[in-house]
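Peer 1: Here it is, the structure, as structure tokens.
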């Protein structure tokens, strides 16, 4: 949703969190959240991911990824790819790029081998079994 330029709500509700049963005035807004309310943990992962980039300089570029995936880019500089397919491919201008892979559910990060985009594109070499985020940054010469 963020890559598409939208936003979402936290799912905050006031029917849990007091220990006194449903609809008893709980919720984070009232200062009484509980372990079932985890949406803000996901927001932390989103915030940390975007803080690794200059996202405010990027624009949507769906034409750079295989259909169904999403891309924000400052073409030739930096890319955020949200892959929800089994295969992730992005068109890149020639050059060397650092690549970070992020699990959007846990926030776990992996530094992948540098990409040289010699053939005008990069593709993750394995089948993805869940959603992942890929960050590409052009290496300075």
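The values are calculated or read from the model by the stated rules, or taken from the named source; none is laboratory data. Keep in mind that this is a model prediction, so the values were computed, not measured. With ideal geometry, Cβ positions are generated from the backbone for all residues, glycine too; neighbour counts draw on all protein chains shown.
Peer 1: Can you find a residue in the stretch 120-137 that is farther than 20 Å from residue 57 by Cβ and free of Cβ contacts under 8 Å to residues at least 24 places away in the same chain?
Peer 2: yes
Peer 1: Could you run through the stretch 40-68 and say how many residues are in contact (Cβ under 8 Å) with a residue 60 or more places away in the chain and not in a helix (DSSP H, G or I)?
Peer 2: The qualifying residues number 2.
Peer 1: Could you check the stretch 93-120 and list, in sequence order, the residues that are part of a strand (DSSP E or B), at pLDDT below 95 and touching a helix residue (DSSP H, G or I) at 6+ places or on another chain (Cβ under 7 Å)?
Peer 2: Of everything in the stretch 93-120, nothing turns out to be part of a strand (DSSP E or B), at pLDDT below 95 and touching a helix residue (DSSP H, G or I) at 6+ places or on another chain (Cβ under 7 Å).
Peer 1: Keeping to the stretch 69-86, report how many residues are assigned to a loop (DSSP other than H, G, I, E, B) and either in contact (Cβ under 8 Å) with a residue 40 or more places away in the chain or in contact with a helix residue (DSSP H, G or I) (Cβ under 6 Å, 6 or more places away or on another chain) (or both). Write out each step before concluding.
Peer 2: In the first step, residues of the stretch 69-86 are kept if they are assigned to a loop (DSSP other than H, G, I, E, B); the result is 75-77, 84-86.
Now drop any that are not either in contact (Cβ under 8 Å) with a residue 40 or more places away in the chain or in contact with a helix residue (DSSP H, G or I) (Cβ under 6 Å, 6 or more places away or on another chain) (or both), which leaves 76-77, 84-86.
Counting residues in the stretch 69-86 that are assigned to a loop (DSSP other than H, G, I, E, B) and either in contact (Cβ under 8 Å) with a residue 40 or more places away in the chain or in contact with a helix residue (DSSP H, G or I) (Cβ under 6 Å, 6 or more places away or on another chain) (or both) gives 5.
Peer 1: Select from the stretch 68-92 the residues that are farther than 19 Å from residue 119 by Cα, out of contact with any strand residue (DSSP E or B) (no Cβ under 7 Å at 6 or more places or on another chain) and either surrounded by fewer than 18 Cβ atoms within 10 Å (Cβ to Cβ) or modelled with pLDDT under 95 (or both) and list them in ascending order.
Peer 2: Passing the criteria: 68, 86.
Peer 1: Next question, about the same structure. Determine whether the stretch 28-49 contains at least one residue that is modelled with pLDDT of 90 or more, at negative phi and surrounded by 12 or more Cβ atoms within 10 Å (Cβ to Cβ).
Peer 2: The answer is yes; a qualifying residue exists.
Peer 1: Exactly one condition in (1) within 18 Å of residue 48 (Cα to Cα); (2) surrounded by 14 or more Cβ atoms within 10 Å (Cβ to Cβ); (3) touching a strand residue (DSSP E or B) at 6+ places or on another chain (Cβ under 6 Å) is false for residue 103; which is it?
Peer 2: With (1) within 18 Å of residue 48 (Cα to Cα); (2) surrounded by 14 or more Cβ atoms within 10 Å (Cβ to Cβ); (3) touching a strand residue (DSSP E or B) at 6+ places or on another chain (Cβ under 6 Å) applied to residue 103, the lone miss is (3).
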